[in-house]
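Down below is the structure, laid out as structure tokens.
The values are calculated or read from the model by the stated rules, or taken from the named source; none is laboratory data. Quick caveat: nothing in here was measured; it's all calculated off a predicted structure. All Cβ positions, even for glycine, are placed from backbone atoms using ideal geometry, and neighbour counts span all protein chains on display. The protein model used for the area step is the full one, side chains on, heavy atoms only, and it has no ligands, DNA or RNA in it. Shrake-Rupley method; radii C 1.70, N 1.55, O 1.52, S 1.80 Å.
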Amino acid sequence: MTSVSTGILKLWAEQASQNQLNGGGLGVVQSLWGYVTTTSAGFHPSQVALVLDILGNVTSNMELESLYFSVDAVNKVLGIADQLISDMSSDPSLSVKESLGPRLLWCLENLFPVMSFTSEPFSFSYNNLALQYTVTSCDSLEGNQIMHLDVTNTTISLPGDYTSDCDVTIFSMTYKPQNGTFSSQYDNGGKTGYSYYLASEIQTKVMMLNSESNHVANIKMIFTCGTSDCDRTAVCVFWDFTLNMWSSKGCQTQVTDGMTQCICDHLTSFAVLMSGSIPGDDLNDTILSYITEVGLVLSIVSLLLCISIQVILLRRSRKDVAVYRHVSILHISAFLFIFNVSFLASDFIKQDTQETLCVALTFCSHLSLLGFFCWTLVQGTFLVCRLVFVFHHVTKTEFLVLSIVLGYVCPLAIALGTFLVYFPHHYKMDETCWLDRRSGALMAFTVPVIIIMVLNFLILILVIQKLLRPSISEGKSEDEEVVKKLAKAVLFCVPQFGLTWAIGIPIFAGNKDLSLQYLFCLLNPLQGFFILLFACLMDKKVMDLIKKRFIKSADTNSTVTTISS
């Protein structure tokens, strides 16, 4: 067979669409394969769409008639597809306009599930296509959950609802589109001023559990960006056949040493897009990151100073009320200090080589931040007892029970429970050492924190109401004193009650307002500094201690100077 006319292709396409081809249409596949192997002319650009229609309809008919492609038939379809990819390059604009590349991907993704399975792995390689077929039993997998595809640097974690006696089959295909033949249109959330281009090959992953197609699995892939290194503009995407464009929903991107690692929660066809210039959001992310790091360092130094001062004051305190206050501030500062150190250290962790350390930092950050908020509630509860139950003095036993249960047991139970439920595959995010948002692990932090912040806000309202109560003598001086007390109460309570974190609620809910992000990154990393400033330096005993130390040091230096003279 030396030629296939457009008329014959149209006839085959019509017959395939009406399921009038014998044997599901395998004979047509054989004819197309014979044409591809006996001529170097290939298909005319106007014929590519017809061939794709034929292959797509043949695949659908095979599935309807419960027929299966043999390994040899799959090899022939791939050979035809390889020729089609080359033919698309003769008219790239037509290829993009007619969505020929995505139609070919759709055809091949639907081809693999209707192949007759074999127990032996195999692979095919063409100029523009390569396929690796891997099959294994579920109970022989590493950790009974993970399989590795060394050829494509891919790791796939199986879903949690499979049985140990199943067989898992992976079709891993690499598709190298010719320049300009595949659309680079990207669903970037409606942002304007961005232009993207396809910077890598396309990797298609199809999984079969026994005879059922399965798209839900966690996957990690390594991409190289053509002849250039992947840069900060790289984004991991998959082809969304519904939107008919690239999308990054469910995928995370990590760029290291000119290579991109894509972490996604489903299986389909993936690639890497890059932008011609660094988007404005990346510049803002860099600025926000620097602000956060500088703020954390200042906060750590401030918290160390605050902890030292509270330890000194705690040793000198004689009244229970003062002891309770210093103990609360000491724990608030200590837990926040641990969180700041853990969070800052996580920036220097390499996810791929220090996984265990990253998990430890995630647990430490979760526990310490919960401990910080729980101790703000301890302090708030103690403050309420003093304001409401004026004639009842909180005993050491009552304060000890409150501190242990609320300050230690609650955060430890929540953090440990979260770890036991979600570890190992759904505990932390793949791109950073923090709780995974997609699995729901992050809710174990968000929900308790929101509850505590609401309670602390109500306590702040109660404090303000108490200060606004009219006194026996009302005058201008009295009003000024009330205003001073109100200002001091707000400045004291807001950082110590963790209320600055409330700015993060709309951000967590999806608000992308840059002003909120900058405000959040300015206030929260500096929280340790604010605690030192308003909890320590506004305390009369602290000021007396500083003055005493300063005056004593000054007097000593003066005496030494006099003797020297």
- Query: Accessible area per residue of the stretch 1-59 at 1.4 Å probe, in Å²?
  - Reply: 46 Å²
- Query: Sorted by accessible area with a 1.4 angstrom probe, largest first, how do Trp106, Trp375 fall?
  - Reply: Trp106, Trp375
- Task: For Lys466, Lys97, Lys396, Lys205, give the ranking by accessible area with the largest first, probe 1.4 Å.
- Result: Lys97, Lys396, Lys466, Lys205
- Query: Rounded to the nearest whole Å², what accessible area per residue is found for the stretch 337-460 with the 1.4 Å probe?
  - Reply: 50 Å²
- Message: Taking all protein chains in place and a 1.4 Å probe, what share, in percent, of the accessible surface of the stretch 6-96 do carbon and sulfur account for?
- Response: 50 percent
- Counting Lys and Arg as +1 and Asp and Glu as -1, each charge on the Cβ, what is the dipole of the stretch 1-89 about the Cα centre in debye, to the nearest 20? 160 debye
- Distance violations [Cα-Cα > 26 Å] among Lys76/Lys249; Lys10/Lys97; Lys97/Lys220; Lys205/Lys249; Lys97/Lys176; Lys76/Lys205: Lys76/Lys249; Lys97/Lys220
